[in-house]
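What follows is a single structure, written as structure tokens, with notes after it.
The values are calculated or read from the model by the stated rules, or taken from the named source; none is laboratory data. A quick note: this is a predicted structure, and the numbers were derived from the prediction, not measured. Ideal geometry is used to build each Cβ from the backbone, glycine not excepted, and the neighbour counts take in all protein chains shown. Side chains are part of the model used for accessible areas, which takes the heavy atoms of the whole protein and leaves out ligands, DNA and RNA. Shrake-Rupley method; radii C 1.70, N 1.55, O 1.52, S 1.80 Å.
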Amino acid sequence: MSTDVRAATSTIGVCWKWVDVEGDPRRAGVSAADQAALETAFSIAASLDAGTDSSTEITVVALGPVAAEQALRGALAAGAHRAIRIDASAHLPSDRVAAALADALDRVDLVVCGDYSADRGSGSVPAFLAAELDAAQALGLIQISVDGRVTAEGAPVVRALRRLDGGRREQLTVTPPAVLSVEGSVATLRRASLPAELLAKQAAIAVLPGPSAAEQHADTIRPFRPRPRVVPAPVGAGALDRIRALTEAGATVSHGETVTLDPPEAAARILAALREWGYLEP
Amino acid sequence: MLLERGPFAGSKNMYGGVVYPRILDQFHPNWWEEVPIQRWITRRSTMVLTATQAMTVDFRTQAWGEPPYNGATAYRPDFDHWLAGKAEADGAVLVTSTTALGLLRDEAGRIAGVRTDRPDGDIHADVVIACDGVNSFLAKEADLFGPGQTEAGNYTVGVKETIALPKDVIDERFGVRDREGVDIEILGGTGGVNGGGFLYTNLDTLAVGVVLKLPALGAQPRRPEEIIADLKAHAAIAPLVEGGTIVEYSAHLIPEAGRSMMPRLTTDGMLVAGDAAAMCLAAGIWLEGVNFAMASGIYAGEAAADALRAGDTSAAGLAGYERRLGDTFVLRDHEKLRRAPGLVLSDRVQHHYPQMIANVVERVFRVENPRPKPGFRRIVREERKRAGIGLRDLARDAWAGIRSFG
Ligand SMILES: Cc1cc2nc3c(=O)[nH]c(=O)nc-3n(C[C@H](O)[C@H](O)[C@H](O)COP(=O)(O)OP(=O)(O)OC[C@H]3O[C@@H](n4cnc5c(N)ncnc54)[C@H](O)[C@@H]3O)c2cc1C
């Protein structure tokens with residue numbers, strides 16, 4: 001699948017989550033991670049294009065109301081080639097957002113996202129997006145470089161470093177189609193030149209229809225909360241025993257368990273654990 | 001093109017808290033229907049404080065609470081953002097997060113634009129209007145200040161705490177309703193440092209601060225926030241502010257010396273406006289700068305447009321600016337009040353008169369039966385002597401006061 005021959009000019013997609021704070025445009029914007037994603041796309045494009053006469057294009061997509069275009073203009077000013085706004089409420093659940101983004105990016109082989117947004121920051125959209133695009137995913141990256149090889153579609157194979165718990169790192173080689181998400185520390189978005197800043201004020205922003213109003217409001221918006229965990233009534237003869245049982249005081253409880261499994265088995269084990277703990281429906 | 005170094009207009013601006021926007025009547029009739037203000041000032045108090053006394057002259061009028069209004073408390077990030085939006089709607093291009101680093105000059109050495117901190121950031125312009133605030137680097141680079149004009153003695157530092165309190169508590173403590181607000185200007189209460197204090201009501205915060213003469217502040221060991229803390233602890237102020245939470249602390253320089261520190265306002269290809277031109281009016285019972293900044297900005301814009309139309313942006317071509325300033329309150333108020341800052345910040349007005357006035361009032365209203373009431377003239381004479389004020393000084397200050405404020 002990887003070849004050494006550089007094919008047609010490719011596009012890198014960048015997804016931005018535009019967040020407005022209490023409807024105030026002065027405090028609206030995107031996260032440092034989203035900005036780092038765009039800068040990462042620039043540097044991937046630069047390494048890809050170095051010494052060739054092709055030019056990798058960068059498309060930035062954000063989902064939100066007209067006000068989100070201000071952020072997209074910032075992306076254009078910094079050097080993105082195309083900006084797309086998906087006309088929808090910025091408060092959709094992650095899977096809907098990902099589905100809408102996937103429609104806009106269906107012919108893009110490499111997508112870079114920030115791994116947290118400026119509000120909730122659960123970092124789930126990139127994973128949903130990878131699923132929608134049937135692409136590989138490498139999330140929470142702290143370093144990205146291109147490996148030199150490109151796919152038949154001209155998308156670069158990427159070498160990435162991922163943060164793991166306990167200060168450990170995981171090195172990945174990611175072959176497109178892929179969705180990457182980066183931490184904010186990966187790169188600082190370049191400052192737009194003054195002429196670019198002025199041009200971007202007038203630039204056209206493509207607008208795609210988002211999920212229909214009915215779909216948008218299918219879910220009521222509520223605070224993010226894990227599901228309640230059902231705890232059986234404590235057993236014990238006296239109040240003290242019941243309190244002991246309830247608080248697990250004196251019991252030897254294992255806190256965490258280390259398992260070594262292949263990814264599919266690991267995923268199954270995680271789901272099983274989540275079900276056991278009451279976070280997912282059995 | 002409107003350059004702003006902050007991320008949005010108003011993000012970097014700081015002041016005490018009262019704007020007087022009537023200058024906008026001509027451009028945006030009924031501006032009061034949309035201006036984002038906190039409260040309309042309907043009560044204005046001037047308070048004289050000594051360590052243990054307070055005398056307040058309190059004025060209230062409902063007329064200031066209805067169109068066309070008078071002053072209003074407003075947050076600068078709201079007000080300036082709104083005003084910049086007006087400029088944009090009228091065709092200005094606002095470029096934020098962009099700092100002017102210095103002036104560009106043509107081969108003849110004439111000012112021809114500014115250099116900004118963005119890549120490829122030179123802006124070539126026939127006219128530059130420097131309204132970059134107190135400490136204007138552009139006006140300094142253009143060498144428009146005369147000797148001694150930017151000495152520390154011409155500046156005060158204003159420091160302010162914003163204190164959150166529920167709206168109904170503020171309404172009750174200050175005796176106001178709905179959008180009515182209070183402006184209290186304070187003489188004394190600055191821990192012996194020449195200056196003054198202020199207390200303004202926003203909707204659900206108070207602005208409490210002091211304005212301190214720089215050399216006097218530097219000559220004593222206490223920090224401005226300690227001076228504010230003492231002001232807040234004063235018996236006359238504490239009940240107004242207690243129980244609140246400090247949500248913001250800020251500080252900013254004020255060009256205090258008025259007309260005498262104003263730079264040359266026009267040079268080939270450049271005009272200076274607002275605090276950059278020291279147009280802030282800081283004369284004791286008045287602390288106005290935003291209206292002067294707005295007006296001078298308007299007149300600079302008009303003069304620049306005239307000069308561009310006429311194809312002459314030399315100092316002569318831009319002369320319409322100073323003509324407009326001279327015809328209106330901008331320079332007239334400053335001319336008239338040119339002695340006021342010096343008088344208000346003088347040691348006698350700062351330290352001796354407040355003590356004398358407070359003592360006089362304390363004695364006039366003290367009932368010491370069986371002693372009969374003393375004569376008013378005698379009390380004044382005794383208290384004047386006790387405060388160490390010579391008759392000649394009193395006469396001189398009274399005359400200076402009449403000439404500045406009369
Ligand atoms: C404590 C205090 C209380 C005050 N109280 C009042 C009051 O109650 N009422 C009143 O009317 N006035 C008050 N003033 C005075 C008032 O704040 C000023 O007179 C007024 O802000 C002047 O406006 P300006 O636009 O000239 O300057 P500023 O408000 O200082 O604005 C200058 C602007 O230029 C921008 N800037 C500066 N340098 C650059 C650069 N190099 N490149 C790009 N942008 C730049 C800044 O970011 C800023 O937005 C008070 C001042 C202080 C300090």
| request: Quantify, in whole percent, the carbon and sulfur part of the accessible surface of chain B (1.4 Å probe; protein heavy atoms only). | output: 53 percent
| note | Computed on Cα atoms, Rg of the stretch B:346-405 relative to 2.2 N^0.38 Å comes out at 1.27
| query | Cα gyration tensor of the stretch B:152-255, axes a ≥ b ≥ c as square roots of the eigenvalues: rounded (a/c below 1.5), prolate (a/b > b/c) or oblate? | reply | prolate
| query | Accessible area, 1.4 Å probe, largest first: how do A:HIS81, B:HIS351 sort? | reply | A:HIS81, B:HIS351
| Cα gyration tensor shape for the stretch B:63-202, rounded if a/c is under 1.5, else prolate or oblate | oblate
| In degrees between 0 and 90, to the nearest 10, how far off the longest principal axis of chain B does helix B:224-233 point, with axes built from Cα atoms? | 40 degrees
| field | Range of Cα positions in the stretch B:240-320 per principal axis (Å), largest first | value | 61, 25, 18
| query | Where does helix B:391-405 land angle-wise versus the long Cα axis of chain B, in degrees 0 to 90, nearest 10? | reply | 40 degrees
| Net charge contributed by nearby residues that have their C-beta within less than 10 Å of B:ILE111 (K/R +1, D/E -1) | -2
| message | At 1.4 Å probe radius, can you tell me the per residue accessible area of the stretch B:346-405 in Å²? | response | 71 Å²
| message | Nearest 500 deg cm²/dmol is fine: what mean residue ellipticity at 222 nm does chain A get from its DSSP H runs of n ≥ 4 alone, each adding -39,500 (n - 2.57), divided by its residue count? | response | -9000 deg cm²/dmol
| said: Using Stokes-Einstein with the Kirkwood hydrodynamic radius over Cα pairs, what translational diffusion coefficient do you get for the protein assembly as shown at 10 °C and a viscosity of 1.306 mPa s, in µm²/s rounded to a whole number? | reply: 52 µm²/s
| Residues of the stretch B:104-124 with accessible area at least 50 Å² lower in the all-protein-chain context than alone (1.4 Å probe)? | B:ARG118, B:PRO119
| remark: Rounded to two decimals, the Rg over Rh value of chain B from Cα coordinates and the Kirkwood Rh reads 1.00
| field | Between A and B, accessible area buried - total, square angstrom, nearest 100, 1.4 angstrom probe | value | 1100 Å²
| query | Under Stokes-Einstein, with the Kirkwood radius over Cα pairs standing in for Rh, what whole-number D in µm²/s applies to the stretch B:195-245 at 4 °C and 1.567 mPa s? | reply | 109 µm²/s
| For chain B, what relative contact order do you get, as a whole percent, if you take Cα pairs closer than 8 Å and at least 6 residues apart? | 17 percent
| remark: The Cα radius of gyration of the stretch B:283-406, divided by 2.2 N^0.38 Å with N its residue count, comes to 1.69
| note | For the stretch B:63-121, the convex hull over Cα atoms projects on average to an area in nm² of 7.0 nm²
| said: Can I get the semi-axes of the stretch A:14-60's equivalent ellipsoid? Compute them from the C-alpha gyration tensor as square roots of 5 times the eigenvalues, in angstrom, largest first. | reply: 30, 9, 6
| said: Helix B:376-386 against the longest principal axis of chain B: what's the angle in degrees, Cα atoms only, rounded to the nearest 10? | reply: 70 degrees
| note | Unit-weight point scatterers at every alpha-carbon of the stretch A:20-126, Debye formula, q = 0.25 1/Å: log10 I(q)/I(0) is -1.73
| Under Stokes-Einstein, with the Kirkwood radius over Cα pairs standing in for Rh, what whole-number D in µm²/s applies to the stretch B:2-81 at 25 °C and 0.890 mPa s? | 168 µm²/s
| said: Rolling a 1.4 Å sphere over the protein heavy atoms, what is the accessible area per residue of chain A, to the nearest Å²? | reply: 56 Å²
| note | The answer for the net charge of residues other than A:ARG73 whose Cβ lies under 13 angstrom from its Cβ, with Lys and Arg +1 and Asp and Glu -1, is +1
| Over what distance in Å are the Cα centres of the stretch B:225-241 and the stretch B:7-66 separated? | 21 Å
| task | Please report, to one decimal in angstroms, the Kirkwood hydrodynamic radius of the stretch A:124-169 built from all distinct Cα-Cα pairs. | result | 12.1 Å
| task | Compute the signed sum of charges (Lys and Arg +1, Asp and Glu -1) over the other residues within less than 13 Å, Cβ to Cβ, of A:ALA196. | result | +3
| remark: Volume per residue (Å³) of the convex hull spanned by the alpha carbons of chain A is 174 Å³
| note | Rounded to the nearest 5, the percent of antiparallel DSSP beta bridges in chain B equals 80 percent
| request: Would you please put B:195-202, A:40-47, A:273-280, B:7-14 in order of how densely packed they are, using the mean number of other Cβ atoms within 10 angstrom per residue and starting with the highest? | output: B:195-202, A:40-47, B:7-14, A:273-280
